[in-house]
Structure formats: structure tokens, C-alpha cells
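Engineer: Take this structure, written in C-alpha cells, and hold onto it; I'll ask about it next.
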Amino acid sequence: MADAPNLPASQPRGVTGSLGAISFRLSTTVPGIICAGIEKGELVVRTTRDRLLPLMAMLRDDPLYACQQVMDICGVDFPDRAERFEVVYNLLSVTHNHRIRVIVTTDETHPVPSVHQLWPAATWWEREAYDLFGILFTDQPDLRRILTDYGFEGHPLRKDFPLTGYVEMRYDEERRQVVYEPVDLVQDFRNFDFESPWEGILTLPGDEKAHTDRHDIKRKG
């Protein structure tokens, strides 16, 4: 477990002390905690998928933690890992004015328990993680795409998703409808002249005297 780091003067030391106490309490008394510590001034707790819901319920309901709000749920992709995704929950306690970050890992096939019954706002974030990363959530009654278009293929925030996507959309004037087609990268402008267009002009109209003066300075130098 990491010790509390030195804080900038703008952050009260009491905040770090309380986070350090929470970190010690979680890591020594709560089952299923892989690790809990202060990382860059923030409390980070890592747990397993099967212990996520009991931990989250405790963090919400126990007055020692009182995390009334889930501010964000997001995914992080590490393609080289066996469980490539981290699901990150950012919790806020209005009562104690502290934040707790909870992290679990998963892959493309093993779902993570939904926390929407603890925080109804989690539905938006879980749908976003599913849409952009393909992370699955059990007991989420509305697990649909939320940001990409109808019929979108793939999950655009995965590291192995092509930057150009798989298909492109355009409006076809003849068919009078939106059509989807394979990406076609036009190669007409592959050869670029990186020389500034101003460098190709020796003297601008009306600037003949300035041009002469520049040449005189160069000769004298």
C-alpha cells in the first residue's frame, strides 16, 4: 500500500489523511480488495468482478464512506493483457468531500455486474462503455448503443479499431437516402509540396524596395 504523497499547498492535508485512513481500512478489513492506495493524491481501489457489488453497496451506504454519487464510469483498453479492459468507477461523497476510484478488469466475453440499481445514472455510463469498448454488463436492462449510429460495426475506442473505421456514410443524391459503403481513401493528393508558397515568390508586387533592402543586408552580413 502506497503512503500518502506530499500534497500541493492548495490541497488540505486533512483530506490526504482521511483518504489514507480509508485506504488502510479497505485493504485490511474488506474481503475481495486486490489493493487500495493513494495514487497521485487520489484513493484508488482495485477489486474483482464478483466482489464489485458488495463493495459498491458498502461505499454508498456505510456512513464512513457515504459515496452518494457515481460521477463517471469509463473503460480503458490494454490489448496485450489477458483481461484487456479496465472498468473505472469514480465515486463522490458529498458528505465527506472525498472521491474514491474503483477499478475492475474484464475481457470481451466476461460481463461486469451492473451498478445501475445502486446509482440509476450508471445506465448512461454502462451503455457508453458497451458502445465504445464492447464491455458487457449483467443485469443492465438497457444495454444498447448510445453514441454511435444505427448498424455501427465494432467499438471505436478499442486500440485495435482502425482509425478510418470500417464503413463510411454519405447522402446519395440519386437514391435520395443515406448509404453506408466501405471506406474508400482518395489518393489524389498523396504528393505534398511542403515548401511555403511565400518562399516561391521572390518579390511581391509593390514590395520591390523591401526585397532589394533584404539582399543588401545579406551582402553586408
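Engineer: In the full protein assembly as shown, how much of residue 128 is accessible to a 1.4 Å probe, in Å² to the nearest 10?
Structural biologist: Surface open to solvent at residue 128 totals about 40 Å².
Engineer: By DSSP, what percent of the beta bridges with both residues in region 31-153 are antiparallel, rounded to the nearest 5?
Structural biologist: Beta bridges within region 31-153, antiparallel portion: roughly 80 percent.
Engineer: Taking the Cβ of residue 113 as the center, what net charge do the other residues with Cβ under 11 Å away carry, scoring Lys and Arg +1 and Asp and Glu -1?
Structural biologist: Charge balance in the 11 Å sphere: -1.
Engineer: Which whole-Hz ³J(HN,Hα) couplings does region 114-124 yield from phi under the Karplus relation 6.51 cos²θ - 1.76 cosθ + 1.60, θ = phi - 60°, glycine and proline marked x?
Structural biologist: 6, 10, 5, 6, 7, 10, x, 5, 5, 4, 4
Engineer: Something else: Amide H neighbours of residue 112 under 5 Å, at least 5 residues apart or on other chains, H built in the peptide plane: list them.
Structural biologist: Residues meeting the amide H criterion: 136, 137, 138.
Engineer: Then there is this: Could you derive backbone 3J(HN,Hα) for region 45-61 from the dihedral phi with the Karplus parameters 6.51, -1.76 and 1.60 (θ = phi - 60°), listing whole Hz in sequence and x where the residue is Gly or Pro?
Structural biologist: 3J(HN,Hα) across region 45-61, in whole Hz: 10, 10, 9, 9, 4, 6, 9, 5, 4, x, 5, 5, 4, 5, 5, 7, 8.
Engineer: Mind listing the long-range amide H neighbours of residue 72? Cut-off is under 5 Å, sequence gap 5 or more, other chains count too, H placed in the peptide plane at 1.01 Å from N.
Structural biologist: Result for residue 72 returns 90.
Engineer: For region 23-49 and region 83-97, what is the separation of their Cα centres, given in Å?
Structural biologist: The distance from the Cα centre of region 23-49 to that of region 83-97 comes to 12 Å.
Engineer: With all protein chains present, calculate the accessible area of residue 51 using a 1.4 Å probe and round the result to the nearest 10 Å².
Structural biologist: Accessible area, nearest 10 Å²: 80 Å².
Engineer: If you plug each phi of region 88-94 into the Karplus form 6.51 cos²θ - 1.76 cosθ + 1.60 with θ = phi - 60°, what whole-Hz ³J(HN,Hα) values come out, in order, with x for Gly and Pro?
Structural biologist: Whole-Hz 3J(HN,Hα) from phi for region 88-94: 10, 10, 9, 9, 10, 9, 6.
The values are calculated or read from the model by the stated rules, or taken from the named source; none is laboratory data. Note that the structure is predicted; figures quoted are calculated from it, not measured. Every residue, glycine among them, receives a Cβ derived from its backbone with ideal geometry; neighbour counts consider all protein chains shown. Surface areas here come from the heavy atoms of the whole protein model, side chains and all, with no ligands, DNA or RNA. Shrake-Rupley method; radii C 1.70, N 1.55, O 1.52, S 1.80 Å.
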